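First comes the structure, then the notes that go with it.
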Amino acid sequence: MPFGLYEVSGGTYTLLAGLSIDDIVVEPAKAHGLLLPTSSTATLDDQGCLPPGVWSKLGVPWHLAESKIIEVIATHRLSGSTPSSLSSLKVVVNITPARPTVHLAEIKGVWGYTYTHWRGHGQYWIPVMLKLQSLWLDVPRSSLGIRGGVGLPTPFSAPPKPGRVHFEFFYITEIIRKKERKVTVALGSFNHPLLSGEALAYFTCVMRKELMNEPRPCGGLDICGCDQC
């Protein structure tokens, strides 16, 4: 999925820089010290359970607000040309770049769950969730001025109203780069986050709260009806 940093002015989105998913999730999380697991003396056994008598959460939840993500991106990607107001910047993704129609959405926040007692396959394993708010859903590429293989339009007009909210899941792990002989922390190759019960409960509560803030015609609902969140 192609991502881009846009400046919004007078109802028009103008592309400032192309971005990767690492720019949106990994780099801001690093900058705010959210990736490294906290120290723990307890480790999981071969069935994924804590030792007898140890009562602890499996991991630590965290959240990156849209403003924090944009602040880090602007610092790293707009050197010398940062707009006077960061509030005019938005991160936009084309969710369906290979289709004849386009689904454009804004990134409204990132949530993560850092496993403190477990390193999947001997590496970091941090499931993350992105909140996406639709701008234009399933509109023809030509109507937004997308030509050829370019997946992001510029400029394009703002929609008449905020759209439906969606959520996408990924995971952060350590990528071993053999040619460069180094290990880097990056997003995994697939959006298969492998959620523990604790991580799933956290993300479900977040989705419930976020969706209840939306108008019902665009997704506002109580997804579980419980009083545990």
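Would region 49-66 turn up any residue that is of a type in the set (S, T, N, Q), surrounded by fewer than 16 Cβ atoms within 10 Å (Cβ to Cβ), at pLDDT below 90 and in a helix (DSSP H, G or I)?
Within region 49-66, none of the residues are of a type in the set (S, T, N, Q), surrounded by fewer than 16 Cβ atoms within 10 Å (Cβ to Cβ), at pLDDT below 90 and in a helix (DSSP H, G or I).
Considering (1) within 24 Å of VAL206 (Cβ to Cβ); (2) of a type in the set (S, T, N, Q); (3) surrounded by fewer than 16 Cβ atoms within 10 Å (Cβ to Cβ); (4) at pLDDT below 80, say which one THR116 fails and leave the rest.
Here THR116 clears every test but (3).
Got a sec? Which of GLU174, GLU168 is of a type in the set (Asp, Glu) and at pLDDT 85 or above?
Only one candidate passes the filter, namely GLU168.
If we scan region 177-194, do we find a residue that is modelled with pLDDT of 80 or more and either touching a Lys or Arg at 6+ places or on another chain (Cβ under 7 Å) or closer than 30 Å to THR14 by Cα (or both)?
Checked against the condition, which is being modelled with pLDDT of 80 or more and either touching a Lys or Arg at 6+ places or on another chain (Cβ under 7 Å) or closer than 30 Å to THR14 by Cα (or both), region 177-194 yields no hits at all.
The values are calculated or read from the model by the stated rules, or taken from the named source; none is laboratory data. Only a predicted model underlies this, so the values are computations on that prediction, with no experimental measurement involved. Every residue, glycine among them, receives a Cβ derived from its backbone with ideal geometry; neighbour counts consider all protein chains shown.
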